[in-house]
Amino acid sequence: MVIDKAIKRIANDYDLTTDTVMDAIEGSRYPLDFDRMVEEGSFCFRGPDDESKSDNASICLASKILSNKGVQEHILPIICSRIRAWDHENIEDLLNLLRKAVSIMELNPEDHPAMETCGLDIGHLPSEEIPGNILPGYRIWSMDKKGMCLVGSDANQVITIEHVPRI
């Protein structure tokens, strides 16, 4: 029950099918020992009622599943291909995809020396044409068709092109 909830949680959180998550688990080069994972995560089975306990446990288990390197090898390329194929319509969609990839990478940071793990160059994200009269040193990582820009040192802020400092 908790394992099924964890798999559904991963599928929902990362916009995947449960079959895709199961394929990642079953195809992992590092087999998952669910009995041990549940035992180690028994502290997560807390809450005022059985439903809360089950939900909390599924959150912990989902994190443990996603921290498996073999599972990451299956799921990260899917998310990264979505980043590369972003349609330029809504910058929030790109930001959400980036956050999903980073959240998985942060579970094993030593294995992911940045976005290169995905075959992505963070300095060359998909984007509409960015105006050339931007203040030197101000970084726009990407811009959508409506002029909303992904900015900030960690590419984690959104502003409109009208608010970008110009020369």
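The values are calculated or read from the model by the stated rules, or taken from the named source; none is laboratory data. These figures come from a predicted structure and were not determined experimentally. Counting neighbours? That spans all protein chains shown, and the Cβs are built from the backbone with ideal geometry, glycine included. Keep in mind that these areas ignore ligands, DNA and RNA; they rest on the heavy atoms of the full protein, side chains included. Shrake-Rupley method; radii C 1.70, N 1.55, O 1.52, S 1.80 Å.
In the range 12-29, is there at least one residue being among the acidic types (Asp, Glu), at pLDDT 95 or above, farther than 16 Å from ASN108 by Cα and in contact with a helix residue (DSSP H, G or I) (Cβ under 7 Å, 6 or more places away or on another chain)? Looking through the range 12-29, at least one residue is among the acidic types (Asp, Glu), at pLDDT 95 or above, farther than 16 Å from ASN108 by Cα and in contact with a helix residue (DSSP H, G or I) (Cβ under 7 Å, 6 or more places away or on another chain).
Filter the range 140-167 down to the residues that are in a loop (DSSP other than H, G, I, E, B), of a type outside the set (A, V, I, L, M, F, W, C) and closer than 17 Å to VAL102 by Cβ and list them by number. The answer is GLY152, SER153, ASP154, ASN156. For ALA101, state whether it is over 30 Å from GLY147 (Cβ atoms) and either outside any loop (DSSP other than H, G, I, E, B) or among the basic types (Lys, Arg) (or both). No.
Could you tell me whether ALA101 is touching a strand residue (DSSP E or B) at 6+ places or on another chain (Cβ under 7 Å) and either open to solvent by less than 70 Å² (accessible area, probe 1.4 Å) or over 27 Å from ASP19 (Cβ atoms) (or both)? Considered against the rule, which asks whether it is touching a strand residue (DSSP E or B) at 6+ places or on another chain (Cβ under 7 Å) and either open to solvent by less than 70 Å² (accessible area, probe 1.4 Å) or over 27 Å from ASP19 (Cβ atoms) (or both), ALA101 comes out as no. Of the helices (runs of 4 or more DSSP H) entirely within the range 1-69, those holding at least 3 residues that are under 17 Å from the mean Cα position of the chain (by Cα) occupy 2-13, 18-26, 50-66. The residues listed here are ASP154, ASP111; of these, the one that is out of contact with any Ser or Thr (no Cβ under 6 Å at 6 or more places or on another chain) and more than 27 Å from MET22 (Cβ to Cβ) is ASP154. SER153 falls short of the stated requirement of being in contact with a helix residue (DSSP H, G or I) (Cβ under 9 Å, 6 or more places away or on another chain) and either without any contact (Cβ under 8 Å) to a residue 60 or more places away in the chain or of a type outside the set (Asp, Glu) (or both). Mind listing just one residue for me: the one in the range 104-121 that is open to solvent by less than 40 Å² (accessible area, probe 1.4 Å) and in a helix (DSSP H, G or I) and, of those, modelled with the highest pLDDT? Across the range 104-121, the extreme among qualifying residues is ILE104.
Take the conditions in contact (Cβ under 8 Å) with a residue 24 or more places away in the chain, surrounded by fewer than 20 Cβ atoms within 10 Å (Cβ to Cβ) and of a type outside the set (A, V, I, L, M) and apply them to GLU89. Does it pass? Considered against the rule, which asks whether it is in contact (Cβ under 8 Å) with a residue 24 or more places away in the chain, surrounded by fewer than 20 Cβ atoms within 10 Å (Cβ to Cβ) and of a type outside the set (A, V, I, L, M), GLU89 comes out as yes.
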